[in-house]
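Each remark here refers to the structure printed beneath this line.
The values are calculated or read from the model by the stated rules, or taken from the named source; none is laboratory data. Predicted, not measured: the structure shown is a model, and the values here were computed from it. Note that we place each Cβ from the backbone using ideal geometry, even for glycine, and neighbour counts take in every protein chain shown. We work out accessible area using only protein heavy atoms, side chains counted, and drop any ligands, DNA or RNA first. Shrake-Rupley method; radii C 1.70, N 1.55, O 1.52, S 1.80 Å.
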Amino acid sequence: MDMRITRRSAPGVEVMRLQRWWTGACLLAFAGSAMAADQCPSLQGRQADPEVATRIAAVACAEHLRWRRPFIDPAGRLASSVVAEGESRGLDDGGAPWRRVATYWRDAGLLGRTVAAGASDCVHAAGNASYPGLGCRGFVIDSPWSAAFVSWVMQRAGVPGFSHSGGHFEYVRAARLAPDDSPYQFLEPLSSPPAAGDLLCYVRTGRVHGHEGLARAIDGGATGLAMHCDIVVAANAGGDAKAWLVGGNVQQAVTMRMFNLNATGRFWGLQRRSEGDPECSPDALSACDFNRQDWAVLLKLKSQEQLARLGPVQPPVLLPSATPPAGCCVQCVLGSGVPRCPPTGSLPPQPVPLPSDAD
């Protein structure tokens with residue numbers, strides 16, 4: 001007879017062990033999902049943070065939430081789209097999307113640099129719900145505004161040395177040709193982990209440039225190139241590493257993109273265009289990816305100490321924008337009886353017209 005005694009746990013002990021294992025697994029899963037969650041709701045309140053990078057992310061995040069959080073998932077699918085630039089209402093605060101875009105142009109100081117039809121009308125239409133602003137609305141719909149959005153974010157965040165422009169190429173070129181004067185470094189997108197405040201940019205032309213092609217174009221004296229840049233608002237490492245980027249005029253809104261990162265915190269599986277890629281169609285579903293672009297450069301934000309050499313890094317004091325008088329027009333209709341608004345940059349106090357039956 002085998003006299004060895006086999007130790008067996010009581011059934012209750014086994015149940016307790018199973019419960020502890022299950023609880024631990026759930027906690028790990030919860031922790032992973034918490035790390036992978038959108039960080040904009042917690043970031044939006046930090047627009048006066050001492051760190052420039054945090055302020056950039058906070059300002060961009062607040063706008064994304066204002067636009068009711070449209071986003072493109074890591075698979076390149078537009079997962080949510082609520083409002084569009086040309087609509088007269090629908091923002092989270094009840095405002096009109098097109099007037100908000102006009103605010104980006106105006107407050108970034110860019111309206112005076114464009115002669116596009118309707119641009120001057122935006123001086124009066126931005127933030128003034130009682131002003132019709134039909135010319136401005138047409139300008140917003142017809143004009144790419146993603147660079148105006150980036151410039152507005154940088155202005156609100158107080159980024160020293162930034163080249164505000166209605167085109168992304170201006171500040172991309174500045175980072176390449178004048179690295180000592182730019183707040184950004186011109187890097188290959190996969191060469192460094194993205195972090196809050198960085199810009200990830202692609203060339204939006206039929207030709208594929210890539211990082212080396214873009215660098216050659218800039219070094220060769222190119223003066224203009226259609227591009228788009230998104231702002232990195234958060235990035236994390238770990239088991240479910242993600243980067244969150246926010247850009248303007250992405251599917252006609254302020255939209256978030258989500259990208260996967262690898263164990264070193266760099267972009268992983270970044271979908272990049274190549275020569276001969278098929279066009280998205282029902283017959284080429286693999287090409288239908290909003291994240292598949294000619295990602296050519298990561299503009300890496302310099303450290304706080306390096307930024308301080310370019311200018312003040314303290315949170316800026318942002319004065320409220322002057323509201324133009326409501327009872328005037330820029331593109332006036334003949335015979336409407338509405339007086340013409342004063343020229344841009346000249347908004348003297350206007351008398352309030354009295355009713356016709358006043359004493």
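One line per residue, one yes/no per condition, for (1) modelled with pLDDT of 95 or more; (2) hydroxyl-bearing (Ser, Thr, Tyr); (3) in contact with a His (Cβ under 7 Å, 6 or more places away or on another chain):
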| residue | (1), (2), (3) |
| --- | --- |
| Val254 | yes, no, yes |
| Met258 | yes, no, no |
| Ala263 | no, no, no |
| Ser321 | no, yes, no |
Just to be sure, is Ala287 under 30 Å from Gly210 (Cβ atoms), at pLDDT 95 or above and open to solvent by less than 50 Å² (accessible area, probe 1.4 Å)?
no
Pull up the range 174-192, narrow it to residues that are open to solvent by less than 50 Å² (accessible area, probe 1.4 Å) and assigned to a helix (DSSP H, G or I), then point me to the one that is farthest from Gln306 (Cα to Cα).
Ala174
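Does Gly109 qualify as being in contact with a His (Cβ under 8 Å, 6 or more places away or on another chain) and open to solvent by 20 Å² or more (accessible area, probe 1.4 Å)?
Taking the combined requirement at face value, the residue satisfies it.
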Which of the residues that make up the range 210-231 are under 23 Å from Ala148 (Cβ atoms), open to solvent by less than 10 Å² (accessible area, probe 1.4 Å) and either modelled with pLDDT under 95 or in a helix (DSSP H, G or I) (or both)?
Leu214, Ile218
Some residue of the range 232-249 being small (Gly, Ala, Ser), modelled with pLDDT under 95, open to solvent by less than 60 Å² (accessible area, probe 1.4 Å) and under 23 Å from Val52 (Cα atoms):
yes
